[in-house]
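The values are calculated or read from the model by the stated rules, or taken from the named source; none is laboratory data. All values derive from a computational prediction rather than experimental measurement. Positions of Cβ are backbone-derived with ideal geometry, glycine not excepted, and every protein chain shown enters the neighbour counts. Protein only, heavy atoms only, side chains kept; ligands, DNA and RNA dropped before computing areas. Shrake-Rupley method; radii C 1.70, N 1.55, O 1.52, S 1.80 Å.
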Amino acid sequence: MIILGLNGLSRWGFHDPSACILINGKLEHFVEEERLARIKHAPGRSPALAVRECLNLCQVDWGEIDKVAFGWDLPRFARRADPSLDPKDIGRLLLRDIGAPEGFPVKRLVFVSHHEAHAWASLPLAGGMPSLVVVVDGQGETESTSVFRASGGRLELLETYDARFSLGYFYEAVAWYLGLGLAGTGKLMGLAAYGPETSELVFIESEKSLTTIVPTNILESMPGSFDDARAVVERFWIPFLRDRFPGIDSSIEATQAPFAHRDNLDSVKEAVRAAAFAQANVESAVCTLLARHLTGADRAIVLSGGVALNCRLNGLIARHFPDRAVHISPTPHDAGAALGAAIRVAIECESQPVSLGEFPYTGRAFSDAEVAEALRTTGVTGVRVEDVASVAADLISSGACIGWFQGAAEVGPRALGGRSIMASAASSATRDHLNSRIKARERWRPFGPMVLGGHEGRHFGCCSDARFMIKSFPVNLVSRSRLGAVVHVDGSTRPQVVYADGPERMCAALLKAVQAQVGDPWVLNTSFNRANEPIVYTPREAIQAFRAMPLDALVLGQWLVRRPNPEQS
């Protein structure tokens, strides 16, 4: 059976469109539209390019597709978004949007509720263990938080909260208020470490449920409007933040402030207080929900939804519930709904577990000949080397910052060694150089390390299942001085642990070579992209980014490109 999984539509504010293909219960490819369209989050776009990429990579024709699984209950969503739309037209609208041929059977479409799709996207990582599953995002069809129990291949819905209780909208509102933009929640997480601890909570666990200080009539005050985010954020959270954290320039609201403003936020008292306040409230709300619903039968905690990209929250949960395995997919955001919908349909139709294959390395891989052709057509001189790991290790150990392009592209917002920038993890000067000159990021933003499996326990506290750089852990005091480039101001880091027998085997070879050079098997790892662009996908994009960024070298498969010496040019 061939199942095409989808997220995204070119209307109604969808973002992070994506597509994947499962063949006989195995994930073959999974690609985000942003990588192909070269637009971050690809808002307002369908996943048409991602669909075409998956079909081409799998050599599948439309006529061979048995089911198309969409990670939203689109008929339910459309009833609120556009009541005038005939429900019979929704399937045809979607199929046209993704470039399906005329006459493709609408009956092959399956709509999966958004939070259920999120849940299934992370569930395979739990390996079938009985699990409590918590999905937290801005909002699905109507829900902002959903709590499920997974057992015996079934998913039972326990509780939901509507948009008034949206932790995602709350966190976005604080990012918006501080001038980081609605997409600046990742930056807000990093900024929170500079603020003081706070005990003021706006999401409170009552005897029976989660309560909030948002008035219950806030949504009803906007009759006819379907955009709950605008109601909650603009009519409540922004005025609340103005009163609670005065002194923030109001001209930056509802936009992304100029870089000079953002670069200085760590020294703005009210800004770091607001960031710490937002982080503390999200952590408290999620942890109390978990504590209320966990039973002795739940052997694992599974998190999904956009809020599950919060590394500090995820690490805290791992420390607070040490007797439970904590699993979060590297794609907990909306792009992951494509995979979750396909998994749900596969399990329903085939009654067997799904294999994720070499997930998250599910994009396109490029042959040696394709890399050579990209070098030739771009006019860049490269040298082919046999032991590329040792050559890259020599460069990193000597202080170089390199672009690293190996194997299939990873899926998700964080580079995991397929399309990365690598550097020494030892010195804070490397962090500052990467932020200011190479990545053009705010100077206070942290980086994380890639670490060889088996060595993480000596350096990071409670470092459980850290394959995806999605959990933050405290760094042992002895190790902090040796990891200056990747230890944040609060003494934490978000590591990626790699293994020689995993799909990231080239990264493991690099770390072994680095260990032979300097004694420690770790490097700084960050995404290979220019500011405001998605992670590179093709060799040509890697070359273009290398040219635009002052990296010292570029490793493309077995090819090495060095930055020309200006004195010799």
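Per-residue 3J(HN,Hα) values for region 156-168, derived from phi via the Karplus relation 6.51 cos²θ - 1.76 cosθ + 1.60 with θ = phi - 60°, read 10, 7, 9, 6, 9, 10, 8, 5, 5, 9, 6, 5, x Hz in sequence order (x marks Gly and Pro).
Sorting the segments 44-57, 87-100, 544-557 by their residues' average number of neighbouring beta-carbon atoms within 10 angstrom, most packed first, yields 44-57, 544-557, 87-100.
May I ask you to order 409-421, 332-344, 232-244 by the average number of other C-beta atoms within 10 Å around their residues, highest value first? Please report the intermediate quantities before stating the final value.
Values: 409-421: 25.5, 332-344: 30.6, 232-244: 17.8.
Ranked from most to least packed, the peptides come out as 332-344, 409-421, 232-244.
List the pairs from 67/88; 40/67; 439/471 whose alpha-carbon separation is above 25 Å, in the order I gave them. Don't skip to the end; give the middle numbers.
Details: 67/88 18 Å; 40/67 28 Å; 439/471 22 Å.
Too far apart for the 25 Å limit: 40/67.
Taking θ as phi - 60° and the Karplus parameters 6.51, -1.76 and 1.60, the scalar couplings of region 181-190 work out to x, 5, 8, x, 5, x, 5, 4, 4, x Hz in sequence order, x denoting glycine and proline. Relative contact order, whole percent, for region 427-523 stands at 32, derived from Cα pairs under 8 Å and 6 or more residues apart. Taking 25 Å as the straight-line reach from the Cα of residue 269, the lysines in range (excluding those fewer than 8 positions away in the same chain) are 187.
For region 17-165, the carbon plus sulfur part of the accessible surface works out to 46%, probe radius 1.4 Å.
Of the beta bridges in the chain, as assigned by DSSP with both residues counted there, near 70 percent are antiparallel.
For the chain, what is the calculated [θ] at 222 nm in deg cm²/dmol (nearest 500), taking -39500 (n - 2.57) for each run of four or more DSSP H residues and dividing by its residue count?
Details: 19 runs with 185 residues, N = 569.
So the helix-based figure for the chain works out to -9500 deg cm²/dmol.
Projecting the Cα atoms of 293, 307, 498 onto the charge dipole of the chain, computed from C-beta unit charges around the Cα centre, puts 498 farthest toward the positive end.
For residue 133, the residues 5 or more places off, or on other chains, whose built amide H falls under 5 Å of its own are 148, 149, 150, 302. Non-local amide H neighbours of residue 195 (under 5 Å, H modeled in plane, Pro and chain starts lacking H): which ones? When sequence neighbours closer than 5 places are left aside, the close amide H contacts are 276. Remark: relative contact order (the chain) = 16 percent; criterion is Cα-Cα distance under 8 angstrom and separation of 6 or more residues. Placing +1 on the Cβ of every Lys and Arg and -1 on the Cβ of every Asp and Glu, with no other charges, gives the chain a dipole of roughly 820 debye about its Cα centre. Seen from residue 506, the other residues with C-beta closer than 14 Å to its C-beta sum to a net charge of -4, counting Lys and Arg as +1 and Asp and Glu as -1. At the listed q of 0.07, 0.08 Å⁻¹, the Debye profile of the chain, built from one uniform point per Cα, gives log10 I(q)/I(0) equal to -0.39, -0.52.
Here the peptides 105-115, 18-28 are ranked by packing, the mean other Cβ count within 10 Å, and the order with the highest first is 18-28, 105-115. Other residues whose C-beta falls under 13 angstrom from the C-beta of residue 483 contribute a net charge of +3, scoring Lys and Arg +1 and Asp and Glu -1.
Charge tally around residue 496: other residues with Cβ under 9 Å, Lys/Arg +1 each, Asp/Glu -1 each, net +2.
In region 452-544, which chymotrypsin sites (Phe, Trp or Tyr not before Pro) are in a loop and have at most 15 other Cβ atoms within 10 Å, using DSSP for the loop call? Intermediate results must be reported in sequence, preceding the final value.
Values: sites: 460, 468, 499, 522, 528, 537; in loops: 468, 499, 528, 537.
Here the sparse-neighbourhood loop sites are 499.
The amide H of residue 143, built 1.01 Å from its N in the peptide plane, has no neighbour under 5 Å, considering only residues 5 or more places off or on other chains. For region 478-495, 3J(HN,Hα) computed residue by residue from phi via the Karplus equation (6.51, -1.76, 1.60; θ = phi - 60°) reads 5, 8, 4, 5, 8, 10, x, 7, 10, 9, 7, 4, 8, x, 10, 8, 10, x Hz, glycine and proline entered as x.
Dipole size of region 242-368 about its Cα centre, with +1 on Lys/Arg Cβ and -1 on Asp/Glu Cβ: approximately 380 debye, rounded to the nearest 20.
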